[in-house]
Amino acid sequence: MKSELFETTDEFHAAERPRRLRRLQALRRLIQETRLSPSDFMYPIFVDRRVTKRQEIESMPGIYRLPLSDVEEEVAEISGLKIPAVLVFGLPSHKDATGSESYSSDGVVQQAIRTIKTASPELVVASDVCLCQYTDHGHCGVIRGGTVANDETLRILARVAVSHAEAGADMVGPSGMMDGQVKAIRAALDGRGFTDTAIMSYSAKYSSSFYGPFREAAESSPLWGDRRSYQMDPPNRIEAMREIALDVKEGADIAMVKPALCYLDVIREARGKFDVPIGAYNVSGEYAMIKAAGQKGWLDEKRVALETLTAIKRAGASFVITYFAKEAAKWLQEV
Ligand code: PBG
């Protein structure tokens, strides 16, 4: 039956038809703007001095604290999955006021780095340079007069970075948000001849509630107070550009935005403004949310995780630090 409404065909004739290119899976593949591959990932690992068997982190299913004896096997798996890089975090055997185990040449991270570079020399080893796992108060620096003393902390961070470089780290990642940390670390590395050790700076690191599961994993919650006097305030974007600009000026080879999901606008803007690679940290809470909803059957974990990683890359990240790296690398092989 013909109705009045359908007689004027031109009004109901779409002039442009983007749907033409969505008809077939192969067509969609052909015009895909963002492609995810295992090369996009850096995988964080936690090495724990005090354990002899791997321990699963409750709020991060599938992620473990590893004894040193498991590191070789773990990195063999990571390399086998064609993931190019790991980020090493350490849990020391003891904590003190200045986090002195952080720069010990036989500290847990230093040993892990040596093991990895011997077992898998091609794997890029980045290391987290911060004190919060090593201080008894859990803050990211030395405390003076009730607050973190910036410049005194810089001296320790420089020592930590040099100790990681000596162990063979390809890249050091200062994550404490101390002012001038990149400059101090660059000077210390260069002064010891480590001119080829790169700095991946956690430049725009926000004071985020998405770090909760990590703090369980790394036992790095501050005993009192919070990190708001050094990490960035979530509402600020312009300030993030200032932080990145400072780090680039101080010699950062890579700038990072962290967390990723609530800060995709920051990643996007940083990508447009700076010509260094921009890393994005898909943090523990972002991982935990997807895992938890997946376990409950409320979300399709695999699809949501891949969509998330794709979005972070689409926003402009050069690579993504993610706890999903191993699983995502396997999922990507399936298609
Ligand atoms: C250490 C550090 C943290 C993370 C990476 N390095 C925790 C924090 O700042 O409290 C968080 C990583 C994550 O949540 O996955 N300063």
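Among the residues of region 70-106, the one identified as surrounded by 13 or more Cβ atoms within 10 Å (Cβ to Cβ) and without any contact (Cβ under 8 Å) to a residue 24 or more places away in the chain is ASP70. Scanning region 66-115 for residues that are within 19 Å of the chain's Cα centre (by Cα), within 22 Å of PHE319 (Cα to Cα) and either assigned to a loop (DSSP other than H, G, I, E, B) or hydrophobic (A, V, I, L, M, F, W, C) (or both) yields VAL75, ILE78, LEU81, LYS82, ILE83, PRO84, ALA85, VAL86, LEU87, VAL88, PHE89, ILE113.
Does GLU122 fit the bill of being acidic (Asp, Glu), part of a loop (DSSP other than H, G, I, E, B) and within 24 Å of TYR323 (Cβ to Cβ)? Yes; evaluated as a whole, the condition is true for this residue. Taken over region 96-120, the criterion of being among the polar types (S, T, N, Q) and under 25 Å from GLU73 (Cβ atoms) is satisfied by SER104, SER105, GLN110, GLN111, THR115, THR118, SER120.
What residue, among those in region 306-316 that are away from the ligand (no atom under 15 Å from the Cβ) and either in contact (Cβ under 8 Å) with a residue 12 or more places away in the chain or assigned to a strand (DSSP E or B) (or both), is farthest from LYS205 (Cα to Cα)?
Just the residues of region 306-316 that are away from the ligand (no atom under 15 Å from the Cβ), to begin with: 306-307, 310-311, 313-316.
Restricting the remaining residues to those that are either in contact (Cβ under 8 Å) with a residue 12 or more places away in the chain or assigned to a strand (DSSP E or B) (or both) gives 306, 310-311, 313-316.
Values: LEU306: 23, THR310: 21, ALA311: 19, LYS313: 18, ARG314: 20, ALA315: 17, GLY316: 17 Å.
Out of the qualifying residues, it is LEU306.
Of the set (1) of a type outside the set (S, T, N, Q); (2) away from the ligand (no atom under 14 Å from the Cβ); (3) part of a helix (DSSP H, G or I), all apply to LEU157 but (2). If the condition is being within 12 Å of the chain's Cα centre (by Cα) and of a type in the set (S, T, N, Q), then region 277-317 contributes ASN282, SER284. Annotation: GLN133 fulfils all but one of (1) touching a Pro at 6+ places or on another chain (Cβ under 8 Å); (2) over 19 Å from ARG65 (Cα atoms); (3) within 12 Å of the ligand (Cβ to nearest atom); the unmet one is (2).
Rundown of residues vs (1) without any contact (Cβ under 8 Å) to a residue 60 or more places away in the chain; (2) in contact with a Lys or Arg (Cβ under 7 Å, 6 or more places away or on another chain); (3) closer than 18 Å to ARG192 by Cα; (4) away from the ligand (no atom under 12 Å from the Cβ), yes/no style:
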| residue | (1), (2), (3), (4) |
| --- | --- |
| THR115 | yes, no, no, yes |
| PRO121 | yes, no, no, yes |
| HIS137 | no, no, no, yes |
| ARG144 | yes, no, no, yes |
| VAL148 | no, no, no, no |
| SER163 | no, no, yes, yes |
| MET171 | no, no, yes, yes |
| MET178 | yes, no, no, no |
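Do you know which of the residues in region 150-161 that are out of contact with any Leu (no Cβ under 9 Å at 6 or more places or on another chain) and touching a residue at least 24 places away in the same chain (Cβ under 8 Å) is nearest to LYS183 (Cα to Cα)? Checked region 150-161; the qualifying residue nearest to LYS183 (Cα to Cα) is LEU154.
Please go through region 56-67 and give me each residue that is over 22 Å from ASP106 (Cβ atoms) and in contact with a strand residue (DSSP E or B) (Cβ under 6 Å, 6 or more places away or on another chain), ordered by number.
Listed by number, the residues that qualify are GLU56, TYR64.
Of all the criteria given as (1) touching a strand residue (DSSP E or B) at 6+ places or on another chain (Cβ under 9 Å); (2) farther than 21 Å from VAL129 by Cβ; (3) free of Cβ contacts under 8 Å to residues at least 60 places away in the same chain; (4) of a type in the set (Gly, Ala, Ser), the one not satisfied by ALA293 is (1).
Taking region 51-68 only, how many residues are over 24 Å from TRP331 (Cβ atoms) and in contact with a Lys or Arg (Cβ under 9 Å, 6 or more places away or on another chain)? Residues that pass the stated criteria total 5.
Read-outs: derived from the displayed coordinates by stated rules, not from any lab. In this text, all values refer to a predicted model and were calculated from it rather than measured experimentally. Ideal geometry is used to build each Cβ from the backbone, glycine not excepted, and the neighbour counts take in all protein chains shown.
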